[in-house]
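Nothing in this text is a laboratory measurement; each read-out follows from the coordinates by a stated rule. Since the structure is predicted, the reported quantities are computational estimates derived from the model, not experimental observations. Methodologically, a virtual Cβ is constructed for each residue, glycine included, from the backbone with ideal geometry; neighbour enumeration extends over all protein chains shown.
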């Protein structure tokens, strides 16, 4: 359960990076997903509608970002950073306008759990196989992967690199929004300002660790999620260590994993490089 927000975001980010786009704005997509999932769930009483709203919010922000990075060939890091700052300002302002400081105690309906498993976790497990199949066993996946390696060849073969990259970004935004939404209506049943707390960046790191393979990215996310859940167990046992160390543990694990497992990775050759179609 604690792995799901990062795992969902990492699955979508794998598709985006395979197409050649580095979605630095993934953190903002998750944060918007969390806020609007909470808002719709609180207004309608349905966490499922909240989940859908969260996915839509992440998708909308990422496609707007893609208009600059893919269609206008703007710098992906700069635009992604701006998207993150925009999402933080937007969600914090809307949250305070609607709920004020008392919103810290806000509680919304959570997704139902049956035998320790809910619909989102099942969707996540199915998505890994589906995304892998789409990337590795379909003509669309071959073209998308090629757009992250040799975009000129893709255009010569009759495909549109810009369309493929926007489609890859759509995956990243939708899954990032769902990851943030699950954090709000699947785990906490609430919302707090900046509640994603860097999980979007961790998801990007897990894509690198997973060698741009959705199965390996899921495994990396499970490891970080375990560290995230372990902090509560260790704090409950009153171990004589600063509680800040327990809070930082999942990020330390992500950093160590990236340092020791990130060596020798074959990055998609055109990752982060804007493509301008020749006329």
Open item on the list: Based only on other Cβ atoms within 10 Å, what is the fewest-to-most ordering of 40, 79, 267?
Closed with: 267, 79, 40
Task: Mean separation of Cα contacts under 8 Å, 6 or more apart, over the residue count of the chain: relative contact order % - done: 38
TODO: For an R0 of 22 angstrom, estimate the FRET efficiency from the Cβ-Cβ distance between residue 232 and residue 259 and round to the nearest 0.05.
DONE: 0.30
- [ ] Round to the nearest 0.05 the FRET efficiency obtained for residue 140 and residue 64 when R0 = 41 Å and r is the Cβ-Cβ distance.
- [x] 0.95
Task: Alpha carbon centroid spacing (whole Å) that separates region 1-51 from region 74-144 - done: 0
- [ ] Give the shape of region 1-145 as rounded, prolate or oblate, defined through the alpha-carbon gyration tensor: a ≥ b ≥ c are the square roots of its eigenvalues, a/c under 1.5 means rounded, and otherwise the shape is prolate if a/b is larger than b/c and oblate if not.
- [x] oblate
TODO: May I ask you to sort 163, 110 by Cβ crowding, counting other Cβ atoms within 10 Å and putting the fewest first?
DONE: 163, 110
Task: Debye intensity ratio in log₁₀ form over the Cα atoms of the chain, taken at each q of 0.14, 0.17 Å⁻¹ - done: -0.95, -1.33
Task: Cα centroid of region 187-228 to Cα centroid of region 243-260, whole Å - done: 12
Open item on the list: Sort 160, 93 by Cβ crowding within 10 Å, fewest neighbours at the top.
Closed with: 93, 160
Open item on the list: Can you compute the FRET efficiency between residue 156 and residue 46 using 1/(1 + (r/R0)^6), with r the Cβ-Cβ distance and R0 = 41 Å? Round to the nearest 0.05.
Closed with: 0.25
Task: residue 94-residue 73 pseudo-label distance in nm [points 7 Å out on the Cα-to-Cβ vector] - done: 3.4
